[in-house]
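Inspection log for the structure reproduced underneath, given as structure tokens.
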Amino acid sequence: LFDALADQAAVAIERIQLVADVDKARLAAEADKLRSALLTSISHDLKTPLAAIMGAAGTMRDYSAISETDRADLLATIVDESERLNRFIANLLDMTRLESGATEPNTSLHYVGDIVGSALRRAEKIMAGHRTEIDIPRDLPMLRIDPVLFEQVLFNLLDNAAKYAPSGSTVLIRARTDDGSVVLDVLDEGPGIPPQDLERVFDTFYRVRKTDHVRAGTGLGLPICRGFVEAMGGTISAANRRDRSGAVFTIRLPLPATAGPEETK
Ligand code: ADP
């Protein structure tokens, strides 16, 4: 177990170092105040799961007479918190790549329903307590998108719906065409977002409620969504449901241009 942990820690440290290196160059150009706010937030997000991992591993090392149940709990903590750390670092890397302009979408024609399907499969574990409803017409036109980026956007939105909407509630994903675009909505039945924060939730590290910090969030999910969607030529916005309590995230992507005279000549 400890060898495996040490290996994981070595990989994590390597990734942190990589992020730190890339970040150093980028942050040098930014204002001091923003830098220290970012660093405080990043180190908080790195330290919290690390502290939990170290605590659990230390307990397992120091107490030999541990019941099977406690042992399973401690291991679950180690696994969950390592996953959280891993996700945070992956998000940071996505963010850094976005900001350095290194995220070039690799687009091709896709049916949105297929990518919704793969995002749902990836989110299966975190969505286990929620119901999902899909309303995507089979004849929805294909879109020119990067399937990897698009799946990541949907995954982040599903992850948020699972975090902020109560378990047992329904998450609805629906799509339609509108005025030369495909519009995709992700609706949940959670608390929604205060009107003054609807734009700010797309800011790096912004969180609406103090208590949102206790959930496994990074404050990077939505800024990454916006960066990826914009890189594919679309827009993403947040709103509240009118029919009931809950948030709606709307992605709008232009339909691919039909072959113009130049292309058909
Ligand atoms: P986080 O990792 O904190 O979820 P995000 O960038 O994904 O970071 O979201 C930023 C903030 O927006 C969240 O901390 C939360 O306050 C708010 N938020 C995001 N999605 C929802 C949602 N579906 N319902 C209510 N609040 C949300």
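Residue pairs whose Cβ atoms lie under 6 Å apart, separated by 6 or more positions or on different chains, with the first residue in the range 146-174 and among the small types (Gly, Ala, Ser) and the second open to solvent by 30 Å² or more (accessible area, probe 1.4 Å), are Ala162/Ile126; Ala165/Glu189; Ser167/Gly129; Ser169/Glu189. Taken over the range 184-204, the criterion of being surrounded by fewer than 16 Cβ atoms within 10 Å (Cβ to Cβ) and not in a helix (DSSP H, G or I) is satisfied by Pro191, Pro194, Glu199, Asp203.
When the range 103-114 is filtered for residues that are surrounded by 11 or more Cβ atoms within 10 Å (Cβ to Cβ) and either charged (D, E, K, R) or at pLDDT below 75 (or both), the ones remaining, listed by number, are Thr103, Asp114.
Being open to solvent by less than 50 Å² (accessible area, probe 1.4 Å) and either without any contact (Cβ under 8 Å) to a residue 12 or more places away in the chain or touching a helix residue (DSSP H, G or I) at 6+ places or on another chain (Cβ under 6 Å) (or both) is true of Asp94.
Consider Thr250 against the criteria (1) polar (S, T, N, Q); (2) open to solvent by less than 40 Å² (accessible area, probe 1.4 Å); (3) modelled with pLDDT under 95: it satisfies all of them except one. Which criterion is unmet? Status for Thr250: all satisfied but (3). Scanning the range 148-158 for residues that are within 13 Å of the ligand (Cβ to nearest atom) and either in contact with a strand residue (DSSP E or B) (Cβ under 7 Å, 6 or more places away or on another chain) or open to solvent by less than 20 Å² (accessible area, probe 1.4 Å) (or both) yields Val153, Leu154, Asn156, Leu157, Leu158.
The values are calculated or read from the model by the stated rules, or taken from the named source; none is laboratory data. Model, not experiment: these values are computed from the prediction. Note that each Cβ is placed from the backbone with ideal geometry, even for glycine, and that neighbours are counted across all protein chains shown. Each accessible area value is taken on the protein alone, full model and side chains, heavy atoms only, with ligands, DNA and RNA left out. Shrake-Rupley method; radii C 1.70, N 1.55, O 1.52, S 1.80 Å.
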